[in-house]
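First comes the structure, then the notes that go with it.
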Amino acid sequence: MTSKGRKRTSKNFPPHIEPEKLPKGVEYIPRGEGFFRISYADNLNGKRKYRRLCGSKASLSQIWQAVETQKECAALTFESLSISFQKSSKWREISHLTQKDYHTCHRQICKTKTGKCLFGDLKFSSWTTGTIRKYVDFRGEVSRTRANKELSYIKTVLKWAKEYDKIPVN
């Protein structure tokens with residue numbers, strides 16, 4: 001199968017990397033010491049976003065491994081459920097101030113880092129009650145009130161997802 005588009009060539013790539021063997025969507029940014037990043041569509045606003053994968057000294061296998069890790073994190077996630085909830089009719093029934101607060105909760109939950117990926121990018125199948133408890137405890141160290149509001153938002157999204165068969169009832 002032939003690929004469409006122009007061939008990736010650049011004298012800016014590190015010498016140990018063959019550009020045509022890179023995964024789709026991965027590009028090298030030669031700024032500073034250089035790094036590899038992957039592009040993806042942001043589901044919330046439809047814009048193109050980028051996520052750093054690894055530094056310029058990474059081998060081709062490490063780049064592929066980083067891409068696979070990103071794909072693992074991109075299955076059914078809290079972020080995807082939250083975005084679906086925000087596009088639903090239930091969302092429109094909520095007052096404007098609550099929607100604004102929920103947007104703040106959504107951004108904070110989705111940008112909080114866990115081990116491999118962001119909390120919003122964790123596969124939903126790996127969630128447990130303990131996962132949520134650890135998140136609330138972690139956020140509670142900064143602000144107990146915000147942690148409780150974020151927990152309330154998580155519960156709201158999960159309740160909505162169960163009602164509409166987005167996630168299995170457990």
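The values are calculated or read from the model by the stated rules, or taken from the named source; none is laboratory data. Every value quoted in this text rests on a predicted model; they were computed, and no experiment measured them. Neighbour counts run over all protein chains shown; Cβ positions are idealised from the backbone, glycine included.
All but one of (1) at pLDDT below 90; (2) among the polar types (S, T, N, Q); (3) within 27 Å of CYS54 (Cα to Cα) hold for THR128; which doesn't? Every listed condition holds for THR128 apart from (3).
For segment 25-53, residues that are at pLDDT below 85 and either surrounded by fewer than 12 Cβ atoms within 10 Å (Cβ to Cβ) or more than 17 Å from ALA66 (Cβ to Cβ) (or both) total 8.
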